[in-house]
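Please read the structure below before turning to the comments.
Just so you know, all these numbers are worked out from the coordinates, no wet-lab data involved. This is a predicted model, so every value here is computed, not measured. Glycine also receives a Cβ, built like all others from the backbone with ideal geometry; neighbour counts cover every protein chain displayed.
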Amino acid sequence: KQEVTQIPAALSVPEGENLVLNCSFTDSAIYNLQWFRQDPGKGLTSLLLIQSSQREQTSGRLNASLDKSSGRSTLYIAASQPGDSATYLCAVNYQGGSEKLVFGKGTKLTVNP
Amino acid sequence: DAGVTQSPTHLIKTRGQQVTLRCSPKSGHDTVSWYQQALGQGPQFIFQYYEEEERQRGNFPDRFSGHQFPNYSSELNVNALLLGDSALYLCASLKTGKVTQYFGPGTRLLVL
């Protein structure tokens with residue numbers, strides 16, 4: 001069964017700390033993996049997309065890595081800010097899924113001033 | 001350039017009723033997918049429409065149906081509503097050949 005797991009479910013850190021969010025998936029046959037941000041009661045904002053042939057992607061203070069062989073991805077957030085507080089979702093586009101995304105349950109991040 | 005739009009933003013229904021949710025894709029996009037997100041959960045894939053046909057379906061009962069119009073907009077219909085259908089319904093659009101999906105703000109459905 002194609003599943004996505006995110007650990008931890010919740011994380012609280014002081015402002016300025018660097019942090020890592022983890023995502024694991026059960027099948028290495030993927031097209032791509034995408035990290036999203038979701039604010040309470042809102043839709044999803046795409047942060048980073050990593051193709052299966054890539055090892056990492058960077059955007060500003062965010063860096064996402066992909067290790068297909070171990071079925072893992074990490075989202076690294078540098079110098080966290082209170083505005084980074086949100087739920088972060090990892091989604092995998094498995095091969096043969098025709099752009100269907102399989103999501104984890106998310107990590108709820110709180111950055112305290 | 002307007003992104004993905006959905007209507008209505010919020011909806012309250014009672015058990016047994018029927019509901020229709022609407023989605024307009026991002027300009028230039030031709031593929032629309034629908035997801036259900038229960039509270040505290042990740043979104044679950046319902047189905048995907050392309051060229052006005054259902055291309056793929058997730059593990060949802062036949063009470064969930066959809067439609068795509070020639071202008072690529074889409075509707076999600078849910079019949080015989082159950083309390084468990086209460087969720088945020090998200091629409092995502094994609095341009096064929098591209099990889100990034102763009103999500104709308106969602107419709108919050110509450111079934112009483």
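Just a few scattered comments:
- Remark: segment B:88-95, residue by residue, has Karplus-estimated 3J(HN,Hα) of 8, 9, 10, 10, 10, 10, 8, 9 Hz, where x stands for each Gly or Pro and the curve is 6.51 cos²θ - 1.76 cosθ + 1.60 at θ = phi - 60°.
- Between the beta carbons of A:Gln54 and A:Asn112, assuming R0 = 22 Å, the FRET efficiency works out to 0.10 to the nearest 0.05.
- Here's the picture: a label point sits 7 Å out from the Cα of B:Arg22 along the beta-carbon direction, and within segment B:90-112 the residues with their amide nitrogen under 18 Å of it are B:90-93, B:104-109.
- Here the label points at B:Ser65 and B:Thr96, each 7 Å from Cα along the C-beta direction, are separated by 2.5 nm in the simple model.
- Over segment B:5-90, volume per residue of the alpha carbon convex hull, in Å³: 93
- Semi-axes of the equivalent ellipsoid for chain A, Cα gyration tensor, largest first, Å: 24, 14, 12
- Other protein chain Cβ atoms within 10 Å, averaged over every residue that makes up A:101-111: 3
- The value of relative contact order for chain B, using C-alpha pairs under 8 Å at least six residues apart, is 37 percent.
- HN-Hα J in Hz across segment B:36-51 - Karplus 6.51, -1.76, 1.60, θ = phi - 60°, x for Gly and Pro: 10, 10, 6, 4, x, 10, x, x, 10, 5, 9, 6, 10, 10, 8, 6
- Placing dummy labels 7 Å off each Cα toward the beta-carbon, the span from A:Ser98 to B:Lys13 is 2.4 nm.
- For the pair B:Leu110 and A:Asp67, label points projected 7 Å from Cα toward Cβ lie 4.5 nm apart.
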